[in-house]
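See structure below.
The values are calculated or read from the model by the stated rules, or taken from the named source; none is laboratory data. Because the structure is a prediction, the values reported are computed rather than measured. Neighbour counts are summed over all protein chains in view; Cβ atoms, including those assigned to glycine, are modelled from backbone coordinates with ideal geometry.
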Amino acid sequence: MTTPLLIIAAVYILKECFGYYLEFINMRHMRANASTVPEAFTGSVDAALLKTACDYQIENTRFAAAASMFNNVVLIAFIFGGLLNAYNSWVLSFKLSFVYGGLVFFVLLSYAETFLSLPFGLYHTFKIEKKYGFNTTTIKIWLMDTVKSLMVSTVLMGALIAAGLWLIRWSATSWWLWVWGVFLIISIILMYVSPYVIEPLFNKFTPITDEALVDKIQAVMGIAGITVKSVFKMDASRRSKHTNAYFTGIGKVKRIIIYDTLIEKVDADELCAILAHEAGHWRGRHLLKLIAAYEAIMLIGLYCFYIALKSDSLIKIFNIGDNSFYVKLLLLSFIVGIAAFPVKPIANAVSRRFEREADTFAAKLTGRPDNMITALVKLAKDNLSNFYPHPLYVKFHYSHPPVAQRVNYLGQLQSNA
């Protein structure tokens with residue numbers, strides 16, 4: 001290996017080792033507090049449940065680390081061990097057009113990644129999730145979901161790759177701007193289309209028949225300035241006992257989706273508090289701000305890619321025999337992934353701030369912070385959450401404040417009300 005290649009490999013390995021270190025200290029922190037119920041959960045969580053939650057989190061962490069190590073071994077062998085060079089030459093040997101060659105190059109890599117992850121997905125779903133009482137799916141449903149996901153991802157990814165490569169060939173000097181614009185339009189279209197075309201491929205959505213509940217939801221959302229077009233129940237219980245609720249739609253008109261598992265766990269007031277939290281994101285324009293930031297970064301990033309891809313330095317550094325745009329794009333994406341790692345705490349800090357703002361909004365909108373508190377306690381218990389995440393782990397991996405912090409904060413709002 002050349003010196004630049006050794007440096008890149010070393011930095012990547014150091015980044016991954018730091019990630020494993022974060023997992024280790026997080027597990028150690030959980031174990032150290034496994035016998036002490038957090039003050040925010042006194043009377044709601046007992047020692048037995050706390051231990052079960054700790055066991056669940058640790059088992060998931062160990063499994064995820066094992067899967068990550070396997071993926072890293074494969075990735076290092078592929079990028080640094082000469083397999084990428086061989087694969088690139090093999091694809092180029094077919095002498096396909098620029099667009100079709102790129103489709104083969106990237107789609108086959110995506111398939112390889114999917115198939116390598118299948119055994120881990122099976123084990124996690126039917127071993128770990130089943131052990132702790134979350135899994136409700138069957139092998140048949142799991143396989144059907146996998147096939148449908150592969151088909152949908154192939155169509156979407158194929159369309160994006162083909163469009164991007166065609167634009168690169170069409171406008172050699174300004175493709176970065178065209179790609180950014182076209183991808184932005186496609187992403188907006190998908191926001192509208194996905195709830196009606198893609199999501200129904202995997203789940204069944206039925207209108208909630210409890211008129212009193214729907215009226216209550218519409219009343220709370222109306223105070224927030226949101227027109228609720230429809231309130232649907234999703235058959236999440238066919239696959240898992242985990243809970244969730246979310247909005248779809250752009251603008252003031254929203255379609256609310258509630259997992260049937262969530263309806264079983266919380267009462268109407270708690271459900272309205274959860275949805276008020278989601279309304280807080282809308283009123284705070286959090287999604288719009290995140291999209292704007294993401295698109296600005298994408299525009300700058302694509303221009304930087306345009307400049308970097310003019311050079312053949314990566315071809316030389318990684319000892320690639322046959323020069324191709326595809327392999328340069330892949331290698332550049334790999335390096336950007338390494339460089340972006342330190343940015344994660346910043347992005348997560350912004351996200352946690354938005355979550356705090358949404359909690360504040362929900363408490364003020366409903367006038368009952370206690371409803372959000374009891375909802376969070378129930379969800380934390382039912383999902384066997386980590387009640388004691390390590391602070392450094394939170395910075396790198398938590399987009400939401402730890403649940404105990406959220407409960408404490410809402411308790412302060414209630415005391416000051």
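Inspection of the stretch 167-178 identifies no residue that is part of a helix (DSSP H, G or I), surrounded by 13 or more Cβ atoms within 10 Å (Cβ to Cβ), under 22 Å from the mean Cα position of the chain (by Cα) and at pLDDT 95 or above.
Each row is one residue, and each column tells you yes or no for (1) under 18 Å from the mean Cα position of the chain (by Cα); (2) under 30 Å from Gly43 (Cβ atoms); (3) modelled with pLDDT of 95 or more.
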{"position": "Lys328", "(1), (2), (3)": "no, no, yes"}
{"position": "Leu379", "(1), (2), (3)": "no, yes, no"}
{"position": "Pro389", "(1), (2), (3)": "no, yes, yes"}
{"position": "Asn408", "(1), (2), (3)": "no, yes, no"}
{"position": "Gln414", "(1), (2), (3)": "no, yes, no"}
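Would you point out the residue of the stretch 32-54, among those that are in a loop (DSSP other than H, G, I, E, B), out of contact with any Cys (no Cβ under 8 Å at 6 or more places or on another chain) and of a type in the set (A, V, I, L, M), that is nearest to Glu129 (Cα to Cα)? Among those residues, the one meeting the criterion is Val45.
For the stretch 21-31, the count of residues that are surrounded by 13 or more Cβ atoms within 10 Å (Cβ to Cβ), modelled with pLDDT of 95 or more, hydroxyl-bearing (Ser, Thr, Tyr) and assigned to a helix (DSSP H, G or I) is zero. Residues that are over 25 Å from the mean Cα position of the chain (by Cα) and free of Cβ contacts under 8 Å to residues at least 60 places away in the same chain within the stretch 40-62 comprise Thr42, Gly43, Asp46, Ala47, Ala48, Lys51, listed in sequence order.
Scan the stretch 195-225 for residues that are part of a helix (DSSP H, G or I), under 26 Å from the mean Cα position of the chain (by Cα) and loosely packed, with under 14 Cβ neighbours inside 10 Å and the total you get is 4.
Under the condition of being touching a Pro at 6+ places or on another chain (Cβ under 9 Å) and within 12 Å of Asn88 (Cβ to Cβ), the residues counted in the stretch 308-317 number 0. Taking the criterion of being without any contact (Cβ under 8 Å) to a residue 60 or more places away in the chain and closer than 20 Å to Ala296 by Cα, the residues of the stretch 165-183 that qualify are Leu167, Thr173, Ser174, Trp178, Gly181, Val182. Of note, Ala273 does not satisfy the criterion of being surrounded by fewer than 18 Cβ atoms within 10 Å (Cβ to Cβ), outside the structural domain of Phe134 (by TED's automatic domain parsing), in contact (Cβ under 8 Å) with a residue 24 or more places away in the chain and over 30 Å from Ile185 (Cβ atoms).
For the stretch 276-321, the candidate set comprises residues that are exposed (fewer than 14 other Cβ atoms within 10 Å of the Cβ) and assigned to a loop (DSSP other than H, G, I, E, B); within that set, the residue that is nearest to the chain's Cα centre (by Cα) is Arg285.
The residue of the stretch 52-82 that is surrounded by the fewest Cβ atoms within 10 Å (Cβ to Cβ), among those that are β-branched (Val, Ile, Thr) and farther than 30 Å from Tyr326 by Cβ, is Thr52.
Within the stretch 256-270, if we keep just the residues that are under 23 Å from Pro200 (Cβ atoms) and aliphatic (A, V, I, L, M), the residue that is farthest from the chain's Cα centre (by Cα) turns out to be Ile263. Taken together, the residues in the stretch 277-313 that are among the aliphatic types (A, V, I, L, M), at pLDDT 95 or above and touching a helix residue (DSSP H, G or I) at 6+ places or on another chain (Cβ under 7 Å) amount to 5. Any chance the stretch 357-366 includes a residue that's modelled with pLDDT under 95, among the acidic types (Asp, Glu) and farther than 29 Å from Gly133 by Cα? No: the stretch 357-366 contains no residue that is modelled with pLDDT under 95, among the acidic types (Asp, Glu) and farther than 29 Å from Gly133 by Cα. Within the stretch 331-358, the residues that satisfy the criterion of being buried (at least 16 other Cβ atoms within 10 Å of the Cβ) and either in contact with a His (Cβ under 6 Å, 6 or more places away or on another chain) or outside any helix (DSSP H, G or I) (or both) are Phe354, Glu355, Ala358.
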